[in-house]
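Novice: The following block contains the structure, expressed as structure tokens.
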Amino acid sequence: MKRLHDGSLGTDVSRFVRVAMREVGDWESGEVRLEADCPADDHLLGPGGGIRAGALLTMVDNVGGMSAGLAALPDAWVVSTSMMLRSSHVAAPGVLHLSSHVVRAGRNSMVTDVRVVGGDGTPLASGVLSSAVLTPEGGAPEWDRPISLRYGPEEAEDLPRLLDWIGIETRRTDAGAVATAELTDALRNPWGILHGGVTATIVDAAGEAAVRGLTGSEAATADCMLHYLAPGRVGPVQATASVLGHRPDGHLVRIEVHDLGAERLFATAITTVREVGVEEPS
Amino acid sequence: MAPAEQYPPRRHVHRDLRLALEHAADGSGRAWLPVTTEVLTEGGGVRAGVLAVLVDVLAAGLALRAVSPDWVATADLTLHLTGAPLGDAGGTEKDHGEAGEIEARARVLRRGRTTVVCEVEVLDASGSPAGIGTMTFAVLARRDGNPAAGTPPGGFPRVSLAVDGSGLRGPVLDELGITVTDAASGEVRVPLADFVRNSLGSLQGGVLATLACVSAEEAIGAACGTRVDAVDLHVTYLAAAREGPAHATAEVLAAESDWGCARVDVLDGPGGRLAAIARVTAAATSPRADPVRT
């Protein structure tokens with residue numbers, strides 16, 4: 001596991017979403033609270049012009065995961081086991097502010113509450129990240145507390161769109177849609193497994209493609225409940241989406257994510273996907 | 001509080017909902033809930049909170065079987081309803097698999113060292129898919145006082161949790177003791193009685209989920225200006241609610257004309273210890289034009 005003494009490294013994924021986070025809680029008494037700013041620029045936009053759900057989920061995973069990890073110190077660190085996000089308003093481009101705090105610090109698990117607010121103070125999303133406490137080989141990472149980290153370049157110019165950067169390809173199927181991506185080193189977290197935010201983005205893409213295929217309209221993921229059942233290690237990764245029904249708040253979609261190289265199911269998700277406009281003819 | 005070996009007591013929500021359970025040899029299971037007027041909303045659908053009780057009972061049983069002789073505690077519960085109607089009242093528990101019963105089907109997705117994850121499908125009274133849920137359980141070392149789970153290795157055929165005299169005597173929220181003290185803030189409470197305790201003496205997870213649903217429905221309904229019923233919930237259980245009463249408040253995150261979303265905090269006792277946090281989406285429903293007769 002990488003030792004992030006000076007905070008200038010981070011994963012390629014956290015550098016891509018350009019998270020800047022700082023610790024604001026009374027860490028010496030055990031309270032773990034973080035605040036983060038994420039400039040949500042064009043490369044993170046999705047259908048309808050709002051911030052892509054996969055990008056939001058990646059931010060939540062980064063900030064919430066860091067909170068949980070700090071709460072597990074000094075002897076352990078964490079890996080995400082489930083993530084839930086409910087969007088209340090479309091996150092328009094601009095700077096997003098995240099606040100997270102650990103609401104339960106157990107011996108084997110952590111629960112982190114995360115809120116996302118727009119630059120004008122509008123609540124945009126609310127989420128919960130659950131993490132398992134593990135002891136890494138070589139020991140837990142060491143941090144200078146209170147932490148203050150900035151990942152990624154100062155400017156987002158010339159960054160490819162998130163789905164393109166990950167290399168996600170989608171196609172319709174009789175049952176819905178599939179989204180596929182190779183598991184490259186750039187997409188791994190410090191544990192060497194597929195980054196949780198990347199899994200979430202593949203889920204996001206698959207759900208949108210399923211609803212787009214069903215309705216003929218552009219569609220954007222609004223809510224997501226994602227369970228990480230096992231590490232994604234080999235790849236390629238494939239998310240298979242099927243639409244379960246329609247409600248006033250959107251279409252309900254079920255997604256299974258398989259590590260094709262390891263021949264196993266490693267994540268499941270339920271998303272709510274909303275229509276955001278008419279699909280442009282290709 | 002009823003002794004562990006007598007759980008659940010004769011009068012208990014699991015018995016009075018007349019739930020039935022079945023475990024298969026492969027570790028999967030099914031459960032049934034008779035649809036009566038007492039479990040319906042004004043819109044005619046089965047309350048999401050009641051479905052949460054059904055899902056919780058079924059999945060917890062499978063998780064216990066997977067970790068036996070150890071025990072489990074519910075870490076989180078999610079339930080996502082498709083929005084389709086969930087059946088008419090009027091069926092009886094004799095109508096196995098026929099109209100009048102909700103069926104839940106569950107399997108263990110992952111049995112890890114410290115957690116178990118189960119997935120549950122919910123079918124409406126006609127057998128059509130009506131929802132899906134997942135539950136995560138923390139694995140706990142067995143302690144003295146835990147009831148004997150005692151599931152035969154090969155499972156067991158359908159068995160009813162009802163005993164003579166079981167059955168709801170009024171609307172389920174009244175039977176649970178849930179009261180609304182302030183609709184706009186979603187302030188609701190439930191006393192901690194034997195009727196709603198789990199085998200460890202704290203508030204049963206499905207009942208806590210019901211409390212969260214009601215809290216959100218009240219607050220979202222007030223914000224939207226129309227009746228709404230929970231269609232999607234995610235509950236994270238942080239601490240056992242052992243003291244009582246449990247009380248909940250809601251913060252409305254979104255309020256559209258026909259749906260909304262709220263964050264709900266569930267607190268335990270006068271001290272207000274945070275027992276659970278929930279996110280609930282609720283959508284507008286119309287009252288039934290033809291009242292259901294049982």
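Every number in this text was worked out from the coordinates using simple rules, so none of it is lab data. Because the structure is predicted, anything quoted here is derived from the model rather than measured. When we count neighbours, we look across all protein chains shown, and the Cβ atoms used for this are built from the backbone with ideal geometry, even at glycine.
Novice: For a quick size check, give me the Cα extents of region A:143-252 along its three principal axes, largest first, whole Å.
Specialist: Principal-axis extents of the Cα atoms in region A:143-252, largest first: 49, 30, 28 Å.
Novice: For a quick check of your reading of the filter: which trypsin sites (Lys or Arg not before Pro) in region B:1-80 sit in a DSSP loop and have no more than 13 other Cβ atoms within 10 Å?
Specialist: When the trypsin sites (Lys or Arg not before Pro) of region B:1-80 are filtered for loop state and at most 13 Cβ neighbours within 10 Å, B:10 remain.
Novice: I'd like the FRET efficiency for residue B:107 and residue B:182, computed as 1/(1 + (r/R0)^6) with the beta carbon distance as r and R0 of 45 Å, rounded to 0.05.
Specialist: 0.65
Novice: If you don't mind, another one. Based on Cα positions only, what radius of gyration and what Dmax would you give for chain A, in angstroms?
Specialist: Looking at chain A, its Cα Rg and Dmax stand at 17.8, 57 Å.
Novice: Just grab the label-to-label distance for residue A:42 and residue A:144, each label 7 Å out from Cα along the Cβ direction, in nm (one decimal).
Specialist: Output for this residue pair reads 3.6 nm.
Novice: Let me ask something additional. Based on the alpha carbons, how large is the Rg to Rh ratio for chain B when Rh follows Kirkwood?
Specialist: Across chain B, the Cα-based Rg/Rh ratio is 0.94.
Novice: Convert each backbone phi in region A:169-181 into a coupling constant with the Karplus relation 6.51 cos²θ - 1.76 cosθ + 1.60 (shift: θ = phi - 60°), then list the ³J(HN,Hα) values in order as whole Hz, x for Gly and Pro.
Specialist: For region A:169-181, the Karplus curve yields 10, 10, 8, 7, 10, 4, 8, x, 6, 10, 10, 10, 8 Hz.
Novice: Could you tell me the extents of the protein assembly as shown's C-alpha atoms along the three principal axes, largest first, rounded to whole Å?
Specialist: Ordered largest first, the protein assembly as shown gives principal extents of 70, 56, 47 Å.
Novice: On the principal axes of its Cα set, how long, how wide and how thick is region A:1-153? Give whole Å, largest value first.
Specialist: Projected onto the principal axes, the Cα atoms of region A:1-153 cover 44, 30, 25 Å.
Novice: Oh, and also: Got a sec? How would B:80, A:227, A:89 order by Cβ neighbour count within 10 Å, fewest to most?
Specialist: Fewest to most other Cβ atoms nearby, the residues stand as A:89, A:227, B:80.
Novice: To the nearest whole number, what is the average tally of beta carbon atoms from other chains within 10 Å of the beta carbons of peptide A:240-252? Present the calculation step by step, with values, prior to reporting the outcome.
Specialist: Working: counts 0, 0, 0, 1, 10, 11, 3, 11, 13, 12, 4, 2, 8.
Average per residue, whole number: 6.
Novice: Please list, by residue number, every one of the chymotrypsin sites (Phe, Trp or Tyr not before Pro) in region B:194-294 that is coil in DSSP and has at most 16 other beta-carbon atoms within 10 Å.
Specialist: On the way: sites: B:195, B:237, B:259; in loops: none.
Hits after loop and neighbour filter: nothing returned.
Novice: Using only helices, what value at 222 nm comes out for chain A when you add -39,500 (n - 2.57) per DSSP H run of length 4 or more and divide by the total residues, to the nearest 500 deg cm²/dmol? All intermediate terms of the calculation are to be shown ahead of the outcome.
Specialist: Values: 4 runs with 51 residues, N = 282.
The per-residue figure over chain A is -5500 deg cm²/dmol.
Novice: Could you work out [θ]222 nm for chain B from helices alone, using -39500 (n - 2.57) per DSSP H run of at least four and dividing by all its residues? Round to the nearest 500 deg cm²/dmol. Walk me through the numbers before you get to the answer.
Specialist: Details: 4 runs with 49 residues, N = 294.
Dividing the helical sum by the residues of chain B leaves -5000 deg cm²/dmol.
Novice: Filter the trypsin sites (Lys or Arg not before Pro) in region B:185-294 down to the DSSP loop ones having no more than 10 other Cβ atoms within 10 Å, then list what survives.
Specialist: B:293
Novice: Report the local net charge at residue B:243: Lys and Arg +1, Asp and Glu -1, summed over other residues whose C-beta lies under 9 Å from its C-beta.
Specialist: +1
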